[in-house]
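Engineer: Sharing a structure with you now.
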Amino acid sequence: MTFPPLRDELAGIAPYGAPQMSTDDVPVQLNVNENPYGPSAACVADIAAAVAEAATTLNRYPDREFTALRTELAAYLSRDVPADAPVLPAQVWAANGSNEVMLQLLQAFGGPGRTALSFAPTYSMYPEYARDTSTTWVAGRRETDFSLDLDAARALVAEHRPSVVLLPSPNNPTGTALPPEAVGALCAAVAEHDGLLVVDEAYGEFRRAGVPSALELLPTHRNLVVTRTMSKAFALAGARLGYLAADPAITDAIRVVRLPYHLSAVTQATALAALRHAPELLGNVASLRAERDALVTWLTEEGHEVAASDANFVLFGRFADRHAVWQGLVDRGVLIRETGPEGWLRVSVGTPDEMAAFRDALSVVAKDAPRLVDASTPILPTTPTTPKEPGA
Ligand SMILES: *Cc1c(COP(=O)(O)O)cnc(C)c1O
């Protein structure tokens, strides 16, 4: 007899989560890709007023269809697509974080006897959605520069006939964005087996100039789902609001698996108020992108391998003992993330002061840190403009 009587596949599993440390102990927190800029006083006041208004009717269940919020989210997404093909409210669905959105997608379109697929290294929550919905999980590999070999991807899709393919763009933890041709080609390959392609654009707003959103492909691919979140670019991680755009038949189907009234009146009011402040909240995205590009340049000049990034974080390395480097940074008051393939570390982009603290600490810690260089672990090309020779 074991207690509690857990499902076998959950026994002994630790819950997902980055280590959380107090800012008293580690003042510079660059570990979970949060936006370092909090809402302005005007935005806070507007959210508070909206929540106070919602509180007067908290004895009632909220609008189950969150109609006002879907309308505003559709208008927001429509900025990223041609004006003659806007995103419509019926194409939008939302839940408590895009993690819940993607879990709902697997609840509706995965399940026993079905397969979900992605390409590693990628977001470590995907296999958990699959496990929790009893969906078979298959992970292909990305190339050494973290791009996708389209022929290999198509072959894997043909072999496993997945019901759902989860593909973040930009990818976490590597920062790699997918070209739209690859998204379109994969949509077509997945459609041959009646599957959905989910492009997770949690970091979409941080992509570099000239990198389009997969939203543009919605009119041509019925099996495409694009997920977004207010957690990163919108600086609203604490509110828990994620959403998607897809064919209305897809949003319709998700209704069957969502819990009743899953999006609280407080959440809806908060998100609506934040959307009214979109220009201000997104105003910081431009400076974070510039800070990201400067960080890539600095890390490269310091002799690190650096993955090209379209997100608000940068993957760099490779260290023979990455944990020692991570710990050395913690000891100097800087918390980053020990994640990605062997030897790599991920740092989120913070304020200029936070980045200065990170650069100072890393300069000291990395000086004597042994590098991970051997024949079995190929050197990754650095940013596209400065490829590095193997062994360099
Ligand atoms: C941060 C992140 C999300 C967003 O999660 P929320 O539940 O919306 O906070 C989604 N996908 C990836 C790859 C992420 O890194």
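Engineer: Once every DSSP H run of n ≥ 4 in the chain is given -39500 (n - 2.57) and the sum is divided by its residues, what mean residue ellipticity at 222 nm do you get, rounded to the nearest 500 deg cm²/dmol?
Structural biologist: Numbers: 11 runs with 137 residues, N = 392.
My calculation for the chain gives -11000 deg cm²/dmol from helical runs alone.
Engineer: Once Lys and Arg get +1 and Asp and Glu get -1 on their Cβ, which of 96, 56, 330 lies farthest toward the positive end of the dipole of the chain?
Structural biologist: Projecting each Cα onto the dipole axis, the largest value belongs to 56.
Engineer: Another question, then. Net charge near residue 63: determine it from the other residues with C-beta under 15 Å of the C-beta of residue 63, scoring Lys and Arg +1 and Asp and Glu -1. If you can, show how the numbers build up before the last one.
Structural biologist: On the way: positive: 60, 64, 70, 255, 258; negative: 53, 65, 72.
Taking every other residue near residue 63 into account, the sum is +2.
Engineer: Using the alpha carbons of the stretch 153-222, what is the convex hull volume per residue in cubic angstrom, as a whole number? List each step's numbers first, then the result.
Structural biologist: On the way: hull volume 6.0 nm³, N = 70.
Normalising the Cα hull of the stretch 153-222 by residue number yields 85 Å³.
Engineer: Could you give me the ³J(HN,Hα) list for the stretch 154-170, computed from phi with Karplus coefficients 6.51, -1.76, 1.60 and θ = phi - 60°, whole Hz, x at Gly and Pro?
Structural biologist: Along the stretch 154-170, the couplings run 5, 5, 5, 5, 5, 6, 9, 6, x, 6, 9, 10, 9, 9, x, 8, x Hz.
Engineer: Still on this model: How much of the DSSP beta bridge set in the chain is antiparallel, as a percent to the nearest 5?
Structural biologist: 45
Engineer: Using a cut-off of 10 Å between beta-carbons, work out the net charge of the residues near residue 152 (Lys and Arg +1, Asp and Glu -1, residue 152 not included). Write down the numbers at each step before the final one.
Structural biologist: Working: positive: 141, 142, 154; negative: 143, 149, 151.
Neighbour charge sum, excluding residue 152 itself: 0.
Engineer: Normalised radius of gyration for the chain, please: alpha carbon Rg relative to 2.2 N^0.38 Å, two decimal places.
Structural biologist: On the way: Rg = 21.2 Å, N = 392, 2.2 N^0.38 = 21.3 Å.
Ratio of Rg to 2.2 N^0.38 Å for the chain: 1.00.
Engineer: How big is the dipole moment of the chain about its Cα centre under a simple scheme where the beta carbon of each Lys and Arg is +1, that of each Asp and Glu is -1, and everything else is neutral? Debye, nearest 20, please.
Structural biologist: Dipole magnitude for the chain comes out near 600 debye.
Engineer: Between residue 261 and residue 356, take the C-beta separation as r, use R0 = 41 Å, and let me know the FRET efficiency to the nearest 0.05.
Structural biologist: According to the calculation, E is roughly 0.35.
Engineer: Can you list the residues, at least 5 places off or on another chain, whose amide H is less than 5 Å from the amide H of residue 119, using H built in the peptide plane?
Structural biologist: 140
Engineer: Same structure again: Over the Cα atoms of the stretch 23-82, what is the Rg over Rh ratio if Rh follows Kirkwood? Kindly include the intermediate steps, with their values, before the conclusion.
Structural biologist: Working: Rg = 17.1 Å, Rh = 15.4 Å.
Ratio value, two decimals: 1.11.
Engineer: Here is a follow-up. With every protein chain present, what is the per residue accessible area of the chain (1.4 Å probe, Å²)? It would help to have the intermediate numbers written out before the result.
Structural biologist: Details: 17290 Å² over 392 residues.
On a per-residue basis, 44 Å².
Engineer: While we're looking at this one, here's another question. Mind ordering 161-167, 144-150 by average Cβ neighbours within 10 Å, highest first?
Structural biologist: Details: 161-167: 24.0, 144-150: 17.0.
Peptide ranking by packing, descending: 161-167, 144-150.
Engineer: Still on this structure, please answer the following. By the scheme Lys and Arg +1, Asp and Glu -1, what is the net charge of all other residues having a beta-carbon under 13 Å from that of residue 187?
Structural biologist: So the surrounding residues net to -3.
Engineer: For q = 0.15, 0.19 Å⁻¹, what log10 I(q)/I(0) does the stretch 232-345 give under the Debye formula with an equal point scatterer on each alpha carbon and no solvent?
Structural biologist: The computed values of log10 I(q)/I(0) come out as -0.90, -1.05.
Engineer: Just round it to a whole percent: the fraction of Cα-Cα distances in the stretch 288-342 exceeding 19 Å. The partial results should precede the final answer.
Structural biologist: Numbers: 450 of 1485 pairs.
Here the tail beyond 19 Å accounts for 30 percent of pairs.
Engineer: Right, another one. Among 33, 2, 184, whose Cα projects farthest towards the positive end of the dipole of the chain, with charges put on the beta-carbon of Lys, Arg (+1) and Asp, Glu (-1)?
Structural biologist: The residue sitting most towards the positive pole is 2.
Engineer: Then there's this: Calculate the translational D of the stretch 116-169 in whole µm² s⁻¹ from Stokes-Einstein, where the hydrodynamic radius comes from the Kirkwood formula applied to all Cα pairs, the temperature is 25 °C and the viscosity 0.890 mPa s. Walk me through the intermediate numbers first.
Structural biologist: Working: Rh = 11.4 Å.
So the translational diffusion coefficient is about 215 µm²/s.
Engineer: In what sequence, largest accessible area first, do 44, 81, 225 appear using a 1.4 Å probe? Intermediate results must be reported in sequence, preceding the final value.
Structural biologist: Numbers: 44 75, 81 20, 225 0 Å².
So the residues, ranked largest to smallest area, are 44, 81, 225.
Engineer: On to the next question. For the chain, set up a GNM with springs between Cα atoms under 10 Å and report which of 177, 74, 307 has the largest fluctuation.
Structural biologist: Per the Cα network of the chain with a 10 Å cutoff, 74 tops the list.
The values are calculated or read from the model by the stated rules, or taken from the named source; none is laboratory data. Remember, it's a predicted structure, so these values are computed and weren't measured experimentally. Neighbour counts run over all protein chains shown; Cβ positions are idealised from the backbone, glycine included. Just the protein is used for accessible areas: all its heavy atoms, side chains included, with ligands, DNA and RNA removed. Shrake-Rupley method; radii C 1.70, N 1.55, O 1.52, S 1.80 Å.
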